[in-house]
1. If each DSSP helix of 4+ residues adds -39,500 (n - 2.57) and the sum is divided by the residues in the chain, what number results at 222 nm, nearest 500 deg cm²/dmol?
2. Residue separation times 0.36 nm, minus the C-alpha to C-alpha distance between residue 48 and residue 30: what's the value?
């Protein structure tokens, strides 16, 4: 089993139930995975079953032109790389 990626801005995604242990075939990488993202994804396409690795490396956000956290709802982040990591490569919280 591949070790889950670490998310700087959401380090406890598994403990919070945002990442769940579930066998899936990820639509972004077409790999069989043992974990799945269970949270919002803002995209024109309705995409389910994204694996944590495709979130972490930005593949899912790029492939589907989407965001895991709405950039418009983030206040005063002036560093473009930090904003990109937060919106495109970090699993979102649900509230």
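1. -5000 deg cm²/dmol
2. Taking residue 48 through residue 30 to full extension adds about 5.2 nm, to one decimal.
Read-outs throughout are calculated quantities, based only on the coordinates presented, and are distinct from any laboratory measurement. Small disclaimer: the values here were computed from a predicted structure and weren't measured.
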